[in-house]
Amino acid sequence: MGKGKFDQIGSNRITLQWFSLMVLTSQIVGVFAIILLAILFGQYRGGFGWTDIDKEFNYHPLFMTLGMIFFYGDAILSYRVFRDVKKIRVKILHGSLLALSFIFASIGLKAVFDNHNYAVPPKKNLYSLHSWVGLATVILFGAQWVCGFVSFLFPKLSEDIRKAYMPSHRFWGKAIFSLAVASVLMGITEYSIFYKIYNNDEVNYQRNLICFFGVFVLIFAGIILYLVGHPGYQRPPDNEIEHVPLAD
């Protein structure tokens with residue numbers, strides 16, 4: 001096969017067209033998942049607002065999905081998409097997307113804690129598996145971000161330490177992302193059961209929105225984990241003079 005059609009990276013032959021299609025598909029299904037959630041809670045579950053605790057709660061699933069799924073997934077993917085850009089720039093983009101993820105997650109956590117604490121009478125906090133896994137995921141995410149920032153961006157540890165830490169950083173990045181996906185799916189299922197959405201045929205459209213949302217989240221996560229796990233899509237050895245771009 002002609003050299004112009006394929007690019008040899010490691011031991012894998014990959015095409016730019018296939019890679020680009022996978023990335024584009026991930027973004028489309030990710031945006032659709034956010035839109036479905038916004039429609040569900042914005043139109044059918046009371047809307048959004050900070051002055052009403054029930055409306056404030058609706059920010060929780062939306063912001064957690066935005067932060068811990070969409071922006072987190074894109075942050076993980078940044079090293080694959082911008083593989084021919086100077087590494088320092090990709091590091092800044094990666095760290096910025098993760099910081100944005102943490103901001104959205106923090107606001108999402110505030111929304112659910114306010115909903116519980118200011119209810120009359122107050123509701124219990126951290127009583128379900130979803131809440132345990134979700135909070136643990138955000139804590140692990142924050143710790144991962146701090147370790148990555150200190151190790152790779154500023155003050156930036158020695159090369160030997162960075163090389164030793166990198167496998168753990170990659171593993172925990174994918175593991176925490178997987179936990180976030182599990183937590184989001186557990187949360188929307190718990191909400192559906194609590195409000196009897198699954199058993200009420202009068203709101204079957206809400207049930208369908210929830211099911212499609214879950215499917216889109218799984219597709220988005222599956223594509224992200226596939227692209228970052230495929231050795232053929234890894235960034236080439238960092239050489240600011242010569243990079244190996246994906247072939248047209």
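Throughout, read-outs are computed from the coordinates displayed, never taken from laboratory work. Here the structure is a predicted model, which is why all the values come from computation and not from measurement. Quick reminder, even Gly has a Cβ in these numbers, built from the backbone with ideal geometry, and neighbours come from all protein chains shown.
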Q | For the chain, projected area of the alpha-carbon convex hull averaged over all directions, nm² | A | 15.7 nm²
Q | 3J(HN,Hα) from dihedral phi, segment 165-174, Karplus parametrisation 6.51/-1.76/1.60, rounded to Hz, x for glycine, proline | A | 7, 3, x, 5, 4, 5, 4, 5, x, 6
Q. On a 0 to 90 degree scale, rounded to 10, what angle separates helix 16-39 from the longest Cα axis of the chain?
A. 10 degrees
Q) So how much slack lies between Gln17 and Ser106, counting 0.36 nm per residue of separation and subtracting their Cα-Cα distance, in nm? A) 28.3 nm
Q) What number, rounded to the nearest 500 deg cm²/dmol, is the helix-based mean residue ellipticity at 222 nm of the chain, given -39500 (n - 2.57) per DSSP H run of at least four residues and division by all its residues? A) -22000 deg cm²/dmol
**Q.** Added length on full extension, which subtracts the Cα-Cα distance from 0.36 nm per residue, Arg89 to Asn204
**A.** 36.8 nm
Q.
From Cα pairs below 8 angstrom and at least 6 apart in sequence, can you work out the relative contact order of the chain, rounded to a whole percent?
A. 35 percent
Q) How high is the FRET efficiency from Cys211 to Asp160, r the C-beta distance, R0 35 Å, rounded to 0.05? A) 0.10
Q: Holding the Cα-Cα limit at 24 Å, pick out from Lys174/Lys196; Lys55/Lys123; Lys55/Lys124; Lys124/Lys174; Lys55/Lys174 the pairs that are longer than that.
A: Lys174/Lys196; Lys124/Lys174; Lys55/Lys174
Q | Relative packing of peptides 44-53, 94-103, 142-151 - highest average C-beta neighbours within 10 Å first | A | 94-103, 142-151, 44-53
Q.
Just to confirm the number: angle between the C-alpha axis of helix 129-148 and the first principal axis of the chain, 0 to 90 degrees, nearest 10?
A. 30 degrees
Q. Once phi is turned into ³J(HN,Hα) by the Karplus curve 6.51 cos²θ - 1.76 cosθ + 1.60 with θ = phi - 60°, what whole-Hz value does each residue of segment 219-231 show in order, with x for glycine and proline?
A. 5, 4, 5, x, 5, 4, 5, 5, 5, 7, x, 6, x
**Q.** Protection proxy ranking, peptides 192-205, 222-235, average beta carbon neighbours within 10 Å, highest first
**A.** 222-235, 192-205
Q: Any chance you could check the Cα centroid distance between segment 22-39 and segment 112-187 for me, in angstrom?
A: 22 Å
Q. What size of dipole, in debye to the nearest 20, comes out for the chain about its Cα centre when the only charges are +1 on Lys and Arg C-beta atoms and -1 on Asp and Glu C-beta atoms?
A. 480 debye
Q. How big is the Rg/Rh ratio for segment 192-235, C-alpha atoms only, Rh by Kirkwood, two decimals?
A. 1.31
Q. Given a Förster distance of 22 angstrom, what is the FRET efficiency for Tyr118 paired with Gln43, based on the Cβ-Cβ distance and rounded to 0.05?
A. 0.35
Q: May I ask you to order 108-118, 168-178 by the average number of other C-beta atoms within 10 Å around their residues, highest value first?
A: 108-118, 168-178
